[in-house]
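**Q** First the structure, then my questions, so here it is.
FYI, it's all coordinate maths here, none of it is from the lab. As the structure is a prediction and not an experimental result, all values here were calculated from the model. Note: ideal-geometry Cβ built from the backbone for every residue, glycine included; neighbour counts use all protein chains shown.
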Amino acid sequence: MKSIILSSVVTALLVFSGCSSKEPTVVDEPAQEPVKQEQAQEVDAVETETVAEDSSSVVDENAMTSSDSNEVSIASLEEDLSTVYFDFDKFVIRADMQERVTTDAKVANGPAKSFKVKLEGNCDEWGSDEYNFALGLKRANTVKNALVAEGVDASRITMVSYGESNPVCTDKTQECWAKNRRVDFKLLP
């Protein structure tokens, strides 16, 4: 009798714990930076200068203009960053992709130095969800290590794996699957 109850409990646990999710796996989330002293002084100055409504509306307009220009510069800098592609079931940077990594490192250390770099690992549709999430993370980690070797500060780099859930091409061809085996770059403020 005890063996029947025990086997029923084990079976129930296996059934209820077997589902996986398609949510992206996030690694190396950076801690939020503390407010710099200059920023704190600027906030204090803005708070003390709110004598009239007109002055506060001017400050709000300047803040909006600054954030809009920040978004424009992020978009223009992301255009300079190249996607790194990988071979089937591999997470080693191909020889023809090494120049892209070097160029991306120069952009990250140059005009994009004030931004964080997010590496998004992606896979084709072959393999299980769990395997593809792990492979996407390995690809992102390989690119991170290459960027660090090129002089990019590791604390500025975060990684996420989308596995097969973020395809750029959905055709059932070799060329299409090759486009999905990649690491994309995003800049974060």
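**Q** Please label the shape of segment 79-189 as rounded, prolate or oblate, based on the square roots a ≥ b ≥ c of the eigenvalues of the alpha-carbon gyration tensor (a/c under 1.5 means rounded; beyond that, a/b larger than b/c means prolate, else oblate).
**A** Prolate is the answer for segment 79-189, as a/c is 1.5 or above and a/b outweighs b/c.
**Q** Taking the Cα of Asp171, stepping 7 Å toward and past its beta carbon, and measuring to each backbone N in segment 122-162: which are under 20 Å?
**A** The answer is 123-126.
**Q** Measuring from label point to label point, each 7 Å out along Cα→Cβ, what is the Val148 to Glu130 span in nm?
**A** Label at Val148, label at Glu130, 2.7 nm between them.
**Q** So what's the projected area for segment 145-189, the Cα convex hull averaged over all directions, in nm²?
**A** 4.2 nm²
**Q** Rounded to the nearest 20 Debye, what is the dipole magnitude of segment 76-189 about its Cα centre when Lys and Arg each give +1 and Asp and Glu each give -1 at the C-beta?
**A** Value, rounded to 20: 420 debye.
**Q** Just need the relative contact order of segment 65-189 here, percent rounded to a whole number, with Cα pairs under 8 Å and 6+ apart.
**A** Computed value for segment 65-189: 35 percent relative contact order.
**Q** Now a separate question. Points 7 angstrom from Cα along the Cβ direction at Gln98 and Ser114: gap in nanometres?
**A** Result for the modelled spin labels: 3.5 nm.
**Q** Quick one: which residues, 5+ away or cross-chain, put their amide H under 5 Å from the amide H of Lys116? H built at 1.01 Å from N.
**A** Hits under the 5 Å cutoff: Leu188.
**Q** Then there's this: Report the extension gain between Leu188 and Asp87 in nm, rounded to one decimal, defined as 0.36 nm multiplied by the number of residues separating them, less their alpha carbon distance.
**A** 33.6 nm
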